[in-house]
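The values are calculated or read from the model by the stated rules, or taken from the named source; none is laboratory data. This is a predicted model, so every value here is computed, not measured. Please note: Cβ atoms are built from the backbone with ideal geometry, for glycine as well, and neighbour counts cover all protein chains shown. Keep in mind that these areas ignore ligands, DNA and RNA; they rest on the heavy atoms of the full protein, side chains included. Shrake-Rupley method; radii C 1.70, N 1.55, O 1.52, S 1.80 Å.
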Amino acid sequence: MSFEPRIVGILCNWCSYTGADLAGTSRRKYAPNVRVVRVMCSGRVDPTFVLKAFEMGADGVLVCGCHPGDCHYQDGNKKTARRMPLLKKMLAQFGIEDGRVRLEWVSASEGDRFATIVNEMTEQLRALGPFRSNGGDGHG
Amino acid sequence: MEPKIGVYICHCGSNIAGVVDVVQVTEYAKRLPSVAVARDYKYMCSDPGQNLIKEDIKALGLNRVVVASCSPRMHEPTFRRVCQDTGLNQYLFEMANIREHCSWVHEDHGQATEKAKALVSAAVRRVSRHEPLETREVAVNPCTLVIGGGVAGIQAALEIADSGHKVYLLEKEASIGGHMAMFDKTFPTLDCAACILTPKMTSVGQNRNIELLTYSELVEVSGYIGNFKAKIRKKARYIDMAKCTGCGWCSELCPTSLPNEFDCGLGKRKAIYIPSAYAVPNKAIVDARNCRYLKGLASGKNACRLCQTGIEKKGLPGCEAGAIDFAQKDEMVEIEIGNIIVATGFQQFDPSAVYQFGYGRYDNVFTGLEFERLSNASGPTSGSIVLKDGSPPRSIAILHCVGSRDTNYHRYCSRVCCMYSLKFAHLLREKVPEAKVYQLYIDMRCAGSGYEEFYERLQEEGVDFIRGKAGEITNIAEGPAEEGKLVVIVEDTLVRRKRRLPVDMVILSCALEPRPDAEQLARILSLSRKADGFFLEKHPKLDPVATTTDGVFVVGCCQSPKDIPDTVAQASAAAARALALISKGKVEIEAATATVDEEHCAGCKICIDLCPYKAISFDEEKKVSSINEALCKGCGTCVAACPSGAITGRHFTTEQIMAEIEGVLA
């Protein structure tokens with residue numbers, strides 16, 4: 001069987017989770033590789049969540065929040081955006097490829113966009129291969 | 001207490017069970033840690049489905065419940081209530097979304113079933129770590145803020161005010177009335193818009209429960225459902241509202257003549273003016289940008305002020321009420337309200353963007369709103385439909401879907417244009433009976449009470465319906481019949497023939513689009529917008545006037561284009577929702593707030609600047625941060641940022657989220 005990457009999607013409740021729901025109500029098909037964890041705001045995304053996901057065997061982590069300026073909590077998404085570069089730098093030091101973590105803005109009306117991002121990321125991760133046998137030392 | 005979990009897998013008819021093997025998921029759930037019982041059922045949200053959970057809680061002593069069904073945005077409240085009704089704290093419940101996030105989006109049954117298992121496993125692991133939480137009850141301020149004074153805002157304000165509660169009606173312009181006040185007749189009954197609207201406008205002005213804030217803008221909103229605070233800028237109007245009698249004498253004296261916005265620029269007004277014949281409040285306003293005196297002040301010159309002083313030479317007095325006050329400044333007011341109704345309406349699509357239609361280049365290409373004013377007895381031509389040179393048109397083409405149903409502009413249908421185009425055709429038939437009237441449509445959409453009948457009536461009235469979207473309007477004649485005319489080029493798709501229609505006048509039935517300030521308002525009120533820019537309702541079918549911000553409702557065209565009957569119905573619906581909260585007098589507030597563990601807080605103060613609601617303060621004595629739960633909205637930004645891990649985000653604790661991550665990867 002070909003490699004099926006596992007993606008943990010951490011989505012904010014107001015925009016991105018609603019957008020993913022919209023993909024559902026509009027029956028927009030996408031790769032089943034993503035599993036969604038809901039947080040109220042992408043600002044809640046502690047970088048350790050991303051590390052935890054890799055530790056537990058994820059091949060990629062997708063963090064989605066409201067578009068800049070649209071945050072339900074004013075600017076939680078900006079705070080996430082600011083944390084990302086540091087996290088990515090750290091992941092690089094661990095040998096985790098850049099493409100394994102993605103931060104995207106998905107609004108409540110962008111069901112289509114969510115589906116497209118998931119499909120894209122699934123393809124990219126297929127190309128990158130499984131996380132454990134690639135990059136890290138096998139323990140995540 | 002050891003967790004004892006009940007897991008319930010919903011078939012949702014065939015919505016879930018048609019793709020996901022629910023029996024397999026149920027068997028899988030049975031083997032998960034701490035699961036005491038797992039069942040699958042056709043419809044978990046139905047009464048028998050809910051009873052299944054209730055009975056298990058009682059019989060088996062369950063202390064945690066997981067339902068795997070639709071989105072928590074749909075039925076989380078339903079199942080939380082089930083728990084609560086059976087004496088289980090509602091926060092000891094978790095939902096796995098195996099419909100919107102699984103069965104509806106995946107085709108491969110095997111993969112969808114595997115994913116459903118992972119989502120159930122995540123919910124089970126998470127719920128084991130849930131803590132009971134107590135919701136807070138807070139009193140609801142009985143006052144309501146209605147933003148926008150068009151027919152939607154007027155209706156909502158009157159409904160609430162008539163039930164005896166205070167309403168602040170905020171309007172950006174100097175008078176309420178909105179677009180409807182500009183219309184001539186209304187379809188399909190042909191009532192005169194002013195005749196049905198102005199009594200309502202007057203009622204607003206006279207209602208003791210309504211405080212009218214015209215020429216005012218919303219600056220900031222803080223607080224939460226039942227307890228909002230709004231900051232409003234009352235812009236300087238340079239008129240003492242208490243003194244102005246609305247006589248209009250000041251306008252007679254004013255030497256500055258300007259295009260009148262209420263007439264879409266087709267008529268004139270002065271720099272001090274009364275916004276319209278039926279303005280409420282019927283008070284003058286100074287156009288500060290164009291007033292000679294105010295402009296003079298800015299450049300150090302002292303000129304004019306004729307409205308105040310009069311014209312002595314001619315023996316004309318100035319404002320005798322002494323109502324003009326050039327020293328007036330913008331004023332900030334702060335109000336406290338429990339509910340907010342957003343009724344900010346739409347703006348008409350600017351057809352100059354469609355270059356080939358020549359709007360702005362050719363004199364006699366009008367927008368729908370301009371035609372309303374032309375046809376209106378109180379408009380610039382006193383209701384005669386004439387060309388720019390004053391002569392009556394002998395042929396008119398009405399173009400549908402300008403800016404609507406067009407991937408270059410707006411994909412959506414603006415819903416009202418077919419009907420108002422028919423209305424225009426009828427008015428033309430009535431007022432210039434000898435003129436030829438063409439309707440260029442893509443599809444006729446006449447769904448509504450009496451609408452189709454109106455369409456049939458127009459066909460009988462001798463209007464020429466051509467199915468086709470115009471490609472271009474040109475003034476280049478190809479023959480003597482086209483000399484001096486506007487030529488509409490269109491493919492008549494019913495006869496599959498290109499046609500050139502020489503006409504005197506073209507009316508563009510323009511799309512309704514979101515107002516340019518919708519983005520800013522969305523930000524102030526934390527509203528979401530749809531892809532088309534209109535405000536997003538909480539649920540398109542089951543909660544069409546509520547929004548993602550509790551206590552904030554959206555009505556009328558700011559939510560999506562709609563006609564007057566639908567707008568009024570929505571406005572009444574939102575008023576009912578606000579009144580329900582007011583009459584209950586109290587509201588439950590989400591308990592999922594953040595809290596600081598003083599033992600672990602290092603006093604670094606990082607969290608304080610991060611909080612968007614200023615809910616965190618620093619206790620100088622204890623040298624720790626402290627969170628005001630009434631202000632905390634539970635976003636969790638401080639929780640993620642706290643370097644010593646001293647802040648817990650209730651119901652979204654690090655432990656719970658980690659368990660969920662573990663679960664989805666199990």
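Things to note:
- Restricting B:P33, B:P48 to those that are modelled with pLDDT of 95 or more, part of a loop (DSSP other than H, G, I, E, B) and more than 23 Å from B:A112 (Cβ to Cβ) reduces the list to B:P33.
- Scanning segment A:92-116 for residues that are within 13 Å of another protein chain (Cβ to nearest Cβ), part of a loop (DSSP other than H, G, I, E, B) and over 13 Å from the mean Cα position of the chain (by Cα) yields A:S107, A:A108, A:S109, A:E110.
- Per-region count, segment B:385-413, residues of a type outside the set (V, I, T), open to solvent by less than 60 Å² (accessible area, probe 1.4 Å) and not in a strand (DSSP E or B): 10
- Per-region count, segment B:617-641, residues touching an Asp or Glu at 6+ places or on another chain (Cβ under 9 Å) and either of a type in the set (V, I, T) or at negative phi (or both): 10
- Selection status of A:K88, among the basic types (K, R) and within 12 Å of another protein chain (Cβ to nearest Cβ): no
- Failed criterion for B:L512 (all others in (1) within 11 Å of the chain's Cα centre (by Cα); (2) buried (at least 23 other Cβ atoms within 10 Å of the Cβ) hold): (1)
- Checked against the criterion of being modelled with pLDDT of 95 or more, among the β-branched types (V, I, T) and open to solvent by 40 Å² or more (accessible area, probe 1.4 Å), the candidates B:V67, B:V19, B:V82, B:V23 yield just one match: B:V23.
- Going through (1) open to solvent by less than 20 Å² (accessible area, probe 1.4 Å); (2) of a type in the set (K, R); (3) closer than 30 Å to B:G360 by Cβ one by one, B:K270 falls short only on (1).
- Answer residue from segment A:1-31, given it is open to solvent by 20 Å² or more (accessible area, probe 1.4 Å) and not charged (D, E, K, R) and is farthest from B:L527 (Cα to Cα) among those: A:M1
- Residue within segment B:508-519 that is at pLDDT below 95, outside any strand (DSSP E or B) and either more than 19 Å from B:R415 (Cα to Cα) or touching a Pro at 6+ places or on another chain (Cβ under 9 Å) (or both) present: yes
- Any strands (runs of 3 or more DSSP E) falling wholly within segment B:568-666 and containing at least 2 residues that are open to solvent by 30 Å² or more (accessible area, probe 1.4 Å), over 23 Å from B:I337 (Cα atoms) and within 14 Å of chain A (Cβ to nearest Cβ): none
- Qualifying residue in segment B:44-51 (condition: over 37 Å from the mean Cα position of the chain (by Cα), without any contact (Cβ under 8 Å) to a residue 12 or more places away in the chain, open to solvent by 40 Å² or more (accessible area, probe 1.4 Å) and within 14 Å of chain A (Cβ to nearest Cβ)): no
- Selection from segment B:319-362 of residues that are open to solvent by less than 70 Å² (accessible area, probe 1.4 Å) and among the basic types (K, R): none
- The residue of segment B:483-499 that is farthest from B:Y409 (Cα to Cα), among those that are touching a Ser or Thr at 6+ places or on another chain (Cβ under 9 Å) and crowded, with 17+ Cβ neighbours inside 10 Å, is B:K485.
- Of the residues making up segment A:22-39, those that are over 17 Å from A:R83 (Cα atoms), more than 11 Å from the chain's Cα centre (by Cα) and at the interface with chain B (Cβ under 7 Å from one of its Cβ atoms) are A:A23, A:G24, A:T25, A:R27, A:R28, A:K29, A:Y30, A:P32.
- Pick from segment B:62-108, criterion in contact with a strand residue (DSSP E or B) (Cβ under 7 Å, 6 or more places away or on another chain), assigned to a helix (DSSP H, G or I) and free of Cβ contacts under 8 Å to residues at least 40 places away in the same chain, ranking: farthest from the other protein chains (Cβ to nearest Cβ): B:C83
- Just one of the listed residues (B:A116, B:A122, B:A174) is in contact (Cβ under 8 Å) with a residue 60 or more places away in the chain, touching a Cys at 6+ places or on another chain (Cβ under 7 Å) and of a type in the set (A, V, I, L, M), namely B:A116.
- Residue within segment B:418-437 that is within 17 Å of B:K469 (Cβ to Cβ), open to solvent by 10 Å² or more (accessible area, probe 1.4 Å) and either in a loop (DSSP other than H, G, I, E, B) or not aromatic (F, W, Y) (or both) present: yes
- Meets criteria (open to solvent by 20 Å² or more (accessible area, probe 1.4 Å), out of contact with any Ser or Thr (no Cβ under 9 Å at 6 or more places or on another chain), at the interface with chain B (Cβ under 7 Å from one of its Cβ atoms) and more than 24 Å from B:E537 (Cα to Cα)) for A:M56: yes
- Filtered residues of segment B:242-272 (kept if touching a residue at least 24 places away in the same chain (Cβ under 8 Å), within 30 Å of the chain's Cα centre (by Cα) and closer than 28 Å to B:V333 by Cα): B:F262
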